[in-house]
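Have a look at the structure below before the remarks.
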Amino acid sequence: MHRIKKFPIGGIHLPERKALTTELPVTVVVPDCTIEIPLRQHLGVPCRAVVAAGDEVRIGQLIGMNDQGLSARVHSSASGRVREITTREMVDGSKVSVVVIEPAQTADWKTQIGAWLNGDAASSQEDVPPPDVVIQRVEEAGIIGMGGAGFPTHLKLGGKHGHAIDTVIINGAECEPFITTDDRLMQEHAATVFRGLEIIRRTVGAAKGYVACEINKPAAIAALQQEAAHWPHLEAVRLDTRYPHGAEKHLIKAVLNREVPTRQLPMAVGVVVNNVQTAVAIAAAVDREQPLIARVLTVSGPAIRNPGNFLVPIGTPIHCLIEAAGGMSSEDAIVIVGGPMTGVATKDLDQPITKNTSGIVVMPSSEYADRSCDPCIRCGRCVEVCPMYLQPNRITAAVNNEMFDVAQDLGVEDCILCGACSFVCPSRRPLLQWLRTGKAHVAQHATTR
Ligand code: SF4
Ligand code: SF4
């Protein structure tokens, strides 16, 4: 067995708070109301609707696509009728067209959603279609990176980046507090995770594949190690528990001791990284030609009555999931889409679950509310914990003075927006928020100085 791996500098130990849901199996939830399916859930150009108001749709039917540029197809996650196509403001503030569907509420909807995760596996692990067929099925299924980035997966597998790939890593670090989505998938569906990894490995022509998991998930590691024995080219790797191990560059450093250069992708060092649930989605698409119509996510937090891990149709509104988890125990609570470190707080509980929503965390406002901040006391703690060797105090000072060229010189583009600096700042300075602003500004006005 390999020694426990970790990235060398920076990072923090967070209160994990995963015990609330780590032992709770995934259960299927379908909403009893309309669903809204966004036509952009991915990095890139939005899809165009290929259905219209009044159309009858069936589950799995293509409802949006755009073959011009970076995009990922969108499918209906219910049988029913299209009520309208409208625009909604998403949690990140962007305006996106959504297809609003009135589900037919048939008795078998739950079973159909459950089948996305629990369908038959391939008869043989050797039975992987040729790369062009895999890529076509992944594209037709509308698969994106489900760990948050939302990059269209068929393009990642397509090999047009010009780099030879020798290793595939499935990112099972899941280092955000509360979230146990990948943990449960690795515990309950380790064989499917490995099947997805093997499909990716063969498609990109890599010699080796790893599933990397932090040691705070012992049941998942046990399941992975047992499964790994059946796959000659694949291994389970244990990571130390340290935030942000789930960041791609840190994962690659920890597993392979390779550095991904600034402004470059993992392919530049011969690596493809995919999330656990993306691997599951790839197995469903390749083995059963299942489009991506559902996902597993965790609903948790101190202000949720019955936390759980749920498999839900894409487009399910947040309020349905909060109801499925017993409701909120306090009215003075904050709903966060994603984890508490990198997620976004929202008051709009009609927001739909998208392909890359990893969880809903509900915190008492006393634990999460926006707080007034004090001046920087130059303690240097933000610098000590930054896993990208940055100086968050200096970068944010430059951003706040609109000196974006200085922020760029100080490396704002390398910031992975992990939030570790904000977490440790004794002056409660909202460094992450300022870093987001600085990074977005520099990206928008990118120069090659
Ligand atoms: S958010 Fe950026 S600056 Fe802050 S610790 Fe993470 S990588 Fe460093
Ligand atoms: S942790 Fe906060 S107070 Fe300390 S140097 Fe960084 S920004 Fe300043």
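We did not get these values from a lab; they are worked out from the coordinates using the rules stated. Bear in mind that the values here come from a model prediction, so they are computed numbers and not experimental data. Here Cβ is always computed from backbone atoms with ideal geometry, including for glycine, and neighbour counts include all displayed protein chains.
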Would you mind computing, in nm to one decimal, how far apart the modelled labels at residue 377 and residue 329 are, each placed 7 Å from Cα along Cα→Cβ?
3.2
The Rg/Rh figure for region 381-444, Cα atoms and Kirkwood Rh, to two decimals is 0.92
Of 325, 306, 346, whose Cα points farthest to the positive end of the dipole of the chain (charges on the beta-carbon: +1 Lys, Arg; -1 Asp, Glu; origin at the Cα centre)?
346
By what distance, in whole Å, do the Cα atoms of region 1-147 stretch along each of the three principal axes, largest value first?
58, 41, 38
Apply the a/c threshold of 1.5 to the C-alpha gyration tensor of region 72-147 and tell me whether it is rounded, prolate or oblate.
oblate
Restricting to DSSP H runs of at least four residues, report the calculated mean residue ellipticity at 222 nm for the chain, -39500 (n - 2.57) per run over all residues, nearest 500 deg cm²/dmol.
-8000 deg cm²/dmol
Let me know the charge dipole size of region 117-288 about its Cα centre in debye, to the nearest 20, where only the beta-carbon of Lys, Arg (+1) and Asp, Glu (-1) is charged.
480
What does the extension gain come out to for residue 95 and residue 262, with contour length at 0.36 nm per residue minus their alpha carbon separation?
57.1 nm
Highest-MSF residue in the chain out of 189, 42, 161 [GNM, Cα springs under 10 Å]:
161
Taking r as the C-beta separation of residue 215 and residue 127 and R0 as 30 Å, the FRET efficiency to the nearest 0.05 is 0.35
Where GluC sites (Glu not before Pro) fall in DSSP loop in region 126-215, at most 14 other Cβ within 10 Å:
126
How would you classify region 296-352 from its alpha-carbon gyration tensor, with a ≥ b ≥ c the square roots of the eigenvalues: rounded for a/c under 1.5, else prolate if a/b is greater than b/c, otherwise oblate?
rounded
In the neighbourhood of residue 100 defined by beta carbon distances under 11 Å, the net charge of the other residues (Lys, Arg +1; Asp, Glu -1) is -1
For region 345-442, listing GluC sites (Glu not before Pro) in a DSSP loop whose Cβ sees at most 16 other Cβ atoms within 10 Å gives 402
Using a 4.7 Å cut-off between beta carbons, which cysteines in the chain end up with no partner cysteine at all?
33, 47, 175, 213, 320, 373, 376, 379, 386, 415, 418, 425
Taking a ≥ b ≥ c as the square roots of the eigenvalues of the Cα gyration tensor of region 311-382, is the shape rounded (a/c under 1.5), prolate (a/b larger than b/c) or oblate?
prolate
Size descriptor, Kirkwood hydrodynamic radius, that averages inverse alpha-carbon separations across the chain, Å:
22.3
DSSP loop trypsin sites (Lys or Arg not before Pro) in region 255-323 with at most 15 other Cβ atoms within 10 Å of their Cβ, which ones?
258, 263, 305
